[in-house]
Each structure stands twice: as C-alpha cells, then as structure tokens.
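The values are calculated or read from the model by the stated rules, or taken from the named source; none is laboratory data. Given the structure is predicted, the values throughout are model-derived calculations rather than measurements. All Cβ positions, even for glycine, are placed from backbone atoms using ideal geometry, and neighbour counts span all protein chains on display. Calculation scope for accessible area: heavy atoms of the full protein, side chains included, ligands and nucleic acids excluded. Shrake-Rupley method; radii C 1.70, N 1.55, O 1.52, S 1.80 Å.
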Number of protein chains: 2
Amino acid sequence: MAVRDPAMTDVARLAGVSHQTVSRVLNGHPNVREQTRLRVQAAIAELGYRPNRAARALVTGRSQVIGVVAQNTTLYGPASLLAALEQAAAESGFAVSVGSVRDLDHRSISAVVERHLAHRVAGIVVIAPVESAGEALERLPKDVPLVTVDGDPHRPMPLVTVDQAAGARAATQHLLDAGHPTVWHVSGPSDWFDSAGRIEGWREALTAAGAEVPPLVPADWSAAAGYRCGQMLARMPDVTAVFTANDHLALGVLRALHEHGRRVPDDISVVGFDDVPEAAYFIPPLTTVRPDFGAVARASLEMLLTQIESVSGGALRETVAPTLVARRSVAPPPRR
Amino acid sequence: MAVRDPAMTDVARLAGVSHQTVSRVLNGHPNVREQTRLRVQAAIAELGYRPNRAARALVTGRSQVIGVVAQNTTLYGPASLLAALEQAAAESGFAVSVGSVRDLDHRSISAVVERHLAHRVAGIVVIAPVESAGEALERLPKDVPLVTVDGDPHRPMPLVTVDQAAGARAATQHLLDAGHPTVWHVSGPSDWFDSAGRIEGWREALTAAGAEVPPLVPADWSAAAGYRCGQMLARMPDVTAVFTANDHLALGVLRALHEHGRRVPDDISVVGFDDVPEAAYFIPPLTTVRPDFGAVARASLEMLLTQIESVSGGALRETVAPTLVARRSVAPPPRR
DNA sequence: ACGCGCTCTGTTAGCGGTCACACTCGCCGT
DNA sequence: ACGGCGAGTGTGACCGCTAACAGAGCGCGT
C-alpha cells in the first residue's frame, strides 16, 4: 500500500533540473556545477531517494552483483571463504548472491549458473573443490567473467587456490624435523583437489627426506572418519606421527588415541590442517596449517574484476601459501 | 565481444509470434495454444534464451531475491542458518543475496539494508542476535517485508527463533535428573539474545527444581573463553555439573578439566549447545542441545512469503524447539 | 563582429520485460 | 441472422535508468 518509491524524475523535479543531471550527480560525473550538485543531493536526501539497481542493470546489461556457487557452506573452510568473499566484494561495491548446490555435478552447477546469468551478474565465483565440478565448468557459457576457487589445477580456467601441497609439505617436514622416521597421512575424500594436493605435498616431503612412505589412510572430512582411522592407527605400535587432512579429522584421531591410552604428543604426534578456531583447545592444542582465506578471497575478486573491466589480461592463476601454526600436539618420537 | 543476449523479441520473431505470447509461455499463462507453446519453447531452446530478471524486476518493482543481513557467518550457528536459508529460498524460486556486516549497529545494518533495497529485494531476513540490532531495525523503512531471526523477543517485529530457554531447560534438567544437586552455567556474550534465553532457561530449571542457583560464569562463544572458565571451575571441588552456552565453550571447558585431572563425566558432567558435527568426537563425546536450523530457515521464509504475498496476516512469531542429544559427557555426580 | 571550443544542461531513444487493452475468431443461444 | 462470450493473440505504453546527442551560454583569439 506504500506509495511508489521516488524515482530519478521526482528528484529532478524537486531540484529543478532534468533527470539526466540527477544521474550525473549520482555517478560522479565531472561536468556538474557545484551548486547544482548540492541542490540535487538535497533533493535526494529529502525524498529518501534510492537509485533502482534493477533499472540500471537493465540498461547497462550487467548488475553490480557477483554470483557465488558453493557446495557445503557449513564446513569451516567454505564458510570462511564465503564470508571473506562477501567482505571483499562489499569493499569493491559489489553485492554477493549465493547459490548453494547439493552436489557439484554438471546439472546442479549449470542450474545455479543459469540463475546467476538470468540476473546478469557481473561475474561468477565457483568454489569447485571436486573433480566433477571441473568438467561442468568447461561446458559453461564463455562470455561471463568466471573464477574458480580451490578448483582443478590442471584445467585451463582462472583459478585461485590455497597451496595445499606447500601446506602439507610444511606439516610433514615439521614432523620429520621433530625426529620422526616417517609420517602417516589421513586424507580427505579422494575427489577433492584439496585432498589430492595435501597428499601430494605429504608424499613429496617424505620422499625428499628419503623417508619411507606409509600407506595412505583415506577418509572424508569428518571427525567421525578421523575417529575410525585413529582407532586403527592407535593399534599400530610403530606409528609415531600423523598428519591429517583437516582439523576435524585430527579431533577424531585425537580421541581415538586417547581412548587407546596413547598419549599425544608423547607417544604420537598429530598435525592438522585449517586452523579452525577451536584447534588451540583440542586435547592437546593442535599444531596445524592455516590457510589465508582473506587472501584467497581478495585474489579471486581481483581476478574477477580484471576480467570484468578489461577484455583480457591479468594472471589466470594464483596460489596463496598457508602457514604452519605450531602448538603442543607435536614432540619427538618416544625412545624405544 | 559477445553478441547481445537474445531477448524476448528475438524469440518471438523466430517463433513467429509476438513478444507478449513469449511472455505468456514463460509465465505459464493458461490461454496459449499447445502448438504455439511448443513453437515458442523450441525457439527459446534454439536461441539459448534466458529471461532477463533485471528487466522483470524493473517493471514489477520487485526482484525474486531475498536479502540477508548477517554478522559473523563463520560461527557454526549463523553459517548453518545461512545455508539452510539459501536452500529454502531456492526451493521457492528465490535467490539469496548476503550482506555481511561487521557490527550489528544501526549504521552498518541500515547500510546493508539500503543496498538490498536498492536492488528491490522481495524481502529481507536479518539475523539479529544482539541487542544493538533491535533498535536499528525499528528505524528501518516499513514498506519492505522483513523477518528477524534470533532477534529480540520483546520487540514487535516478525521473529523466528530457536527456543533457547527450552533448550537450556532441557540441558539443565538432564543434569539434575542425573542426580546433580545443581548446575553451573558458562554463558555466551551478554548482549546476545541466545545467551539471555539460555541463561533464563537454566535459571528456570534450577528454581523449578528447588536447586540453588550458582553464580553465572560469563564468557563469549569461543573455546578460549571456555578454557579460561574451565580452569576456574576445575579448582572448585563442589562443581559437578556444567552447562555451557555452546559446544565450543564446552570444548574449552573439557580441556581445562582434563588438564586439572578432573575426569568427565566421572567427576564433572558437561552439556553444550549447538551440536556441532564434531561434538560427538570430543573427549568425551558431548551431550548437547541441537537446534533445527532447517526448521528455522523454513519458518522464516514462510513468514516472509506471506508478508510478500498478502497485505498482512500470518503469524508474527515462531519458535522452534531444539532437542537434547545425550552422549557420554553426563553421568551421576561422584559420591563424597 | 565572428566562430571556435569548453562547460553545463536538457532531450530523446532505448534496455527487456509486464500490464492493460483491443482485436479476431469460432461457437452458442435466441 | 445476430449479439454475446471466451479463447488465443497482438499492440502500445510504460517501469527507471543510462548513453548519445543537441543546445545554450560563455570566454577567447583573430
């Protein structure tokens, strides 16, 4: 029942100018007399005028919105990334429209991308950490700026990603440096690139050090899986160091070891990945690897903006190095 | 350098009809001959036509987008809520635009709300769990459908919220039922309504049972704070049961107790709130209270939709009851 | 005096949809 | 035979904004 929102013409009438002049004031166009500008601004304030982005989007062909495609925004990593992305976008004057997707298969992804395209978003960020997303993305319309985050490093798409391998190498090396003969790895789900990268880094560090590479212990991202794997590892007397693909797995491992009477770090050392806020309060405080989600978000946005503004140019690939956070879950191996 | 996206007139020309008929097909208008409908659909498919939501939003005055205002989407609760909201919205054909805000003060909130209004969103959901948000909201334009989640129960705004007090009562009662003479409470930040509700429920359960009400232990939502409070509680021999305002606090308490050699649940029982996925893998597995974020999201959306569709009517307030999840962190108090 | 260029402002034509309305049929009742 | 009606379709006017161009007024060189 509300009256129509004031439009540009209303402001123009009140200020005694044409709507075009109002538009110029709004867009910071230079050739407007100071006095006119002030009159217009006063009229805007008086009417509580709010430019209609939809109209602007219609005539310019693009809206100041960035579409995000994400899978599970409840996991710590994706949630942090999303928050960081939103903040970075806001700083550049963009809004963020999220499209969650249950599975990262072609159908789901392109459905959400279609929705975003229907809104004429300025660009799209896809958080595409699994294999299935890669192929889906290649079949997308090419005429919209697009950046993938945590995606497939082997595909020719603009990509920003955490340097998983570097993080894993640092974690593994840290354990080797403490004196452990080798390091076991509880990995994330096999179709995630994050998992793959962390496995790769772990393996590299071991072989570079001439250490034996123990069999991989595959899991998913859950504490439950970590617990199951931990129960197994706890029974193997020669295991002295474990690197888990994330902190939640580490939590599960920690509990399994605890229940089996194996002390951390005295008997076994554990390192995680992600540095969730609680990691410092695990029993014991967890040594882990911290990715810089803010940096990833900023890099993604920057890459997107260069695509939006220019026809081409700018880096197509960016990796952000994570840092090791040493806490109390690592110690030298026990003497035999 | 892409050519202009096909528009309705292009489809119309190809199908040999008027743009209006295309519009009718798109909107499922009844009076279109089957044969015409098929011709139009074929043309749509052939051109890869995608209706322009911006144009539609312009002429109808509202876009099929729901704006969300949220503070810290990294915390488990808000993140889950956001995800659930996005899913519920998608099921109703709405997109979700997130506006994060650093502080929930008037300036920040109204800035984000302005942004949403500029996009002519169909409605706004504000996740407003703190005091400062309440007053900010009352000063907002009244002509847009708005629902607050986790907001101030004492303000006359459409509100959907978890029944914090009920959850807290259940948690406290559970501990009393186990035989504990009383229950201590480590609370969340004092300006959060979630905290207030949980404190209230805890107090109610104690007084209803005729138990002594111990002094409140105030904290924030972090494991760090839980740890500090836990260190204090660990030193007090008569503390046998602790209810923490969330699971992260419980984690911190658990570690402090562990370090002080006080066993859980043998010496002290602990109950949390939220049921984060890892809670089952704390040491020991944490008894906690699980809010149903999906239900909250669905209720919020439904409330918003009735506001959007009709002039008024529909409930203005809805609470969804959380459920207690019993695990191993609770046991009868030790014998003296 | 004149024309040129600059600054500032107004006019007009869309952008791609929806809405209100008009129109053409074929069918029915009387 | 004729008016009325409903189904199916087309026409034109907008929604609120931006882009392109036109025009007014002024200072300046010649």
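Numerical summary
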quantity: Residue B:80 more than 12 Å from DNA strand D (Cβ to nearest atom), open to solvent by less than 50 Å² (accessible area, probe 1.4 Å), small (Gly, Ala, Ser) and part of a loop (DSSP other than H, G, I, E, B); calculated: no
quantity: Unique match (being in a loop (DSSP other than H, G, I, E, B), under 18 Å from residue B:305 (Cβ atoms), touching a residue at least 24 places away in the same chain (Cβ under 8 Å) and of a type outside the set (Gly, Ala, Ser)) among B:102, B:62; calculated: B:62
quantity: Single match in A:120, A:139, A:107, A:115 (criterion: open to solvent by less than 50 Å² (accessible area, probe 1.4 Å) and among the charged types (D, E, K, R)); calculated: A:120
quantity: Test result for residue B:35, away from DNA strand D (no atom under 12 Å from the Cβ) and open to solvent by 80 Å² or more (accessible area, probe 1.4 Å); calculated: no
quantity: Residue A:96 vs. criteria open to solvent by less than 40 Å² (accessible area, probe 1.4 Å), without any contact (Cβ under 8 Å) to a residue 40 or more places away in the chain and of a type in the set (Val, Ile, Thr); calculated: yes
quantity: Residue ID - modelled with the highest pLDDT, chosen from residues in the range A:60-74 that are facing chain B (nearest Cβ under 7 Å) and within 17 Å of residue A:103 (Cα to Cα); calculated: A:74
quantity: Complete set of residues in the range B:160-179 that are crowded, with 24+ Cβ neighbours inside 10 Å, of a type outside the set (Ser, Thr, Tyr) and in contact with a Leu (Cβ under 8 Å, 6 or more places away or on another chain); calculated: B:167, B:171
quantity: Residue match in the range A:285-300 (condition: open to solvent by 40 Å² or more (accessible area, probe 1.4 Å) and more than 28 Å from the chain's Cα centre (by Cα)); calculated: no
quantity: Residue identified as within 14 Å of chain A (Cβ to nearest Cβ) and either hydroxyl-bearing (Ser, Thr, Tyr) or over 23 Å from residue B:225 (Cα atoms) (or both) among B:116, B:174; calculated: B:116
quantity: Criterion violated by residue B:57 - all others in (1) open to solvent by 50 Å² or more (accessible area, probe 1.4 Å); (2) within 12 Å of DNA strand D (Cβ to nearest atom); (3) touching a residue at least 60 places away in the same chain (Cβ under 8 Å) satisfied; calculated: (1)
quantity: Qualifying residue in the range A:46-53 (condition: touching a His at 6+ places or on another chain (Cβ under 9 Å) and within 16 Å of DNA strand C (Cβ to nearest atom)); calculated: yes
quantity: Some residue of the range B:25-37 being within 13 Å of DNA strand C (Cβ to nearest atom) and in contact (Cβ under 8 Å) with a residue 24 or more places away in the chain; calculated: yes
quantity: Positions within the range A:244-284 being open to solvent by 20 Å² or more (accessible area, probe 1.4 Å), among the small types (Gly, Ala, Ser) and within 8 Å of chain B (Cβ to nearest Cβ), in sequence order; calculated: A:280
quantity: Failed criterion for residue A:26 (all others in (1) hydrophobic (A, V, I, L, M, F, W, C); (2) under 18 Å from residue B:112 (Cα atoms); (3) within 16 Å of DNA strand D (Cβ to nearest atom) hold); calculated: (2)
quantity: Residues that are β-branched (Val, Ile, Thr), away from chain B (no Cβ under 13 Å) and within 10 Å of residue A:11 (Cα to Cα), drawn from the range A:35-59; calculated: A:40
quantity: Hits in the range A:201-233 - residues which are open to solvent by 10 Å² or more (accessible area, probe 1.4 Å) and touching a Lys or Arg at 6+ places or on another chain (Cβ under 9 Å); calculated: A:204, A:208, A:213, A:216, A:219, A:227
quantity: Among (1) touching a Phe, Trp or Tyr at 6+ places or on another chain (Cβ under 9 Å); (2) within 16 Å of DNA strand C (Cβ to nearest atom), the one test that residue A:77 misses; calculated: (2)
quantity: Test set (1) modelled with pLDDT under 90; (2) over 30 Å from residue B:246 (Cβ atoms) - residue B:101 fails condition number; calculated: (2)
